[in-house]
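Only the coordinates and a few stated rules stand behind these numbers; no lab work does. In this text, all values refer to a predicted model and were calculated from it rather than measured experimentally. Neighbour counts are summed over all protein chains in view; Cβ atoms, including those assigned to glycine, are modelled from backbone coordinates with ideal geometry.
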Amino acid sequence: MNKIKEVISWLQSFVPAWFQKYSWVDEAGGSIIMMIPLLLLFHPAQASNIFLVGSYVYERFFDTSTGKPGHDPMEDFGQRMVGSIVAAVLWSWIF
């Protein structure tokens, strides 16, 4: 599990400082991008639910920010939820 956290930390090092400063942009915007492959494979409602389960697992077991001051896992999860729902709704409207 430590190797997975190391890979996640390495990937997060590429996130621009502006995104890190504005957590809601990072979480919600990233969710929209990460939803695209799921939307290609599943119905939008299913894709959103699958993403949210994955988001919970990430937040519970793999988030490298866990335990740091000011980190609120439920806030991150909520921001990802908004991003995934926005992606699903836009996908439904467009396609």
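Over the chain, what is the relative contact order in whole percent, taking alpha-carbon pairs under 8 Å and six or more residues apart?
That works out to 42 percent.
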Task: the chain: C-alpha pair distances exceeding 22 Å, % - done: 29
Open item on the list: Just to check I understand the Karplus step: with θ = phi - 60° and J = 6.51 cos²θ - 1.76 cosθ + 1.60, what whole-Hz values come out for region 41-57, glycine and proline as x?
Closed with: 9, 10, 4, x, 5, 5, 4, 5, 5, 4, 4, 5, 5, x, 5, 5, 4
Open item on the list: Given the DSSP H assignment, sum -39500 (n - 2.57) over each helix run of at least 4 residues in the chain and divide by its residue total; what's the result at 222 nm in deg cm²/dmol, nearest 500?
Closed with: -21500 deg cm²/dmol
Open item on the list: Explain nothing, just compute: Karplus ³J(HN,Hα) = 6.51 cos²θ - 1.76 cosθ + 1.60, θ = phi - 60°, for every residue of region 59-69 in order, whole Hz, x for Gly and Pro.
Closed with: 5, 6, 10, 10, 5, 7, 8, 4, x, 7, x
Task: Ordering of 76-86, 24-34, 7-17 by packing [mean C-beta count within 10 Å, highest first] - done: 76-86, 24-34, 7-17
Task: Net charge dipole size for region 11-95 [Lys, Arg +1 and Asp, Glu -1 on Cβ; Debye, nearest 20] - done: 100
